[in-house]
Amino acid sequence: MHVRRCADTLQRHWMIITAHNNSFLSQRLEPSLAKITPSFHGDMLYLDAPNKETLIIPVNLDVTKAKVVPCKVWTMDVEGLDCGDEASTWFSSYLNKPSGHVRLVATAPGLKLQEMSEKPTGHNLARPGDKSIYHDFCQNLIMSKATVDDVASRVSVPISAQNFRPTILVDGCSPYAEDDWKTVAFGDISQPNVELRVVRHCTRFVLPFLYTIQIYLTSLTHRHQFGLNHDGPVARYRNVACFTS
């Protein structure tokens, strides 16, 4: 079985918030955020977007100098370090909002995290002490390549794992095998180096990617084959958390 990491380990360390209530802002409401391209150059984060100059911000903000901002991810209280007026102006301008309408915050050691076991969501198997940063639920999403391939074979437009955005893609199993996984171990089966515990099924709407609308409409015709609910396409993969080594 082959496992591939699909996302940078620093993903979700930054979050855009609306200045008037410090609540998170995602591409569900602002689809153009999907066009922002991040890259790392040494200790700096570069953000590029259409018709915008590159925004450069330090990866590690000085906790003693940056302003700590109380924020919300859905109903959960978290904290972030304000990334400054330049970042706020850049994002506000890109989103065609008034200056200062949105701000960028970053996590740092010692700041308040989400308590996953307290999230008001169904089928939550997180335990007290399980923490996450700015994720909808937890740090990792696992999906099999076989599942992606099976879904892709049933629709008329090209899709890939990027449409569902797992952080870990597993190869070498049957389609939808991940539905029944309780734990995922890496290394020797008798003494794994890392073990992930499944805490929740993840239902995910297809967000703004190329062919998103077509995928959504086409998928509706395969509701029973895909195990879809009345709300829309369900990505067949699992939230996994709690690294142990």
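So that you can scan it fast, the table gives a plain yes or no per residue for (1) at pLDDT below 80; (2) closer than 23 Å to R28 by Cβ; (3) open to solvent by 50 Å² or more (accessible area, probe 1.4 Å):
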{"residue": "A152", "(1), (2), (3)": "no, no, no"}
{"residue": "D171", "(1), (2), (3)": "no, no, yes"}
{"residue": "K182", "(1), (2), (3)": "no, no, yes"}
{"residue": "A235", "(1), (2), (3)": "yes, yes, no"}
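For K112, the test of being in a loop (DSSP other than H, G, I, E, B), free of Cβ contacts under 8 Å to residues at least 12 places away in the same chain and of a type in the set (D, E, K, R) is failed. When residues in segment 154-169 are screened for being of a type in the set (S, T, Y) and either over 26 Å from Q27 (Cβ atoms) or over 21 Å from the mean Cα position of the chain (by Cα) (or both), 1 of them pass. Number of residues in segment 64-108 that are part of a helix (DSSP H, G or I) and not aromatic (F, W, Y): the value is 7. On the given criteria, is G187 in contact (Cβ under 8 Å) with a residue 40 or more places away in the chain, open to solvent by less than 70 Å² (accessible area, probe 1.4 Å) and at positive phi? No; evaluated as a whole, the condition is false for this residue. Residues in segment 37-63 that are part of a loop (DSSP other than H, G, I, E, B) and β-branched (V, I, T): T54, V59, V63.
For segment 123-150, how many residues meet the condition of being assigned to a helix (DSSP H, G or I) and either in contact (Cβ under 8 Å) with a residue 60 or more places away in the chain or surrounded by 16 or more Cβ atoms within 10 Å (Cβ to Cβ) (or both)? Qualifying residue count, segment 123-150: 5. Scanning segment 35-64 for residues that are aromatic (F, W, Y) and either touching a His at 6+ places or on another chain (Cβ under 9 Å) or modelled with pLDDT under 95 (or both) turns up just one, F40.
The values are calculated or read from the model by the stated rules, or taken from the named source; none is laboratory data. Everything numeric here is computed off the predicted structure, so don't read it as measured data. Counting neighbours? That spans all protein chains shown, and the Cβs are built from the backbone with ideal geometry, glycine included. Areas reflect the complete protein model, heavy atoms only, side chains present, ligands, DNA and RNA absent. Shrake-Rupley method; radii C 1.70, N 1.55, O 1.52, S 1.80 Å.
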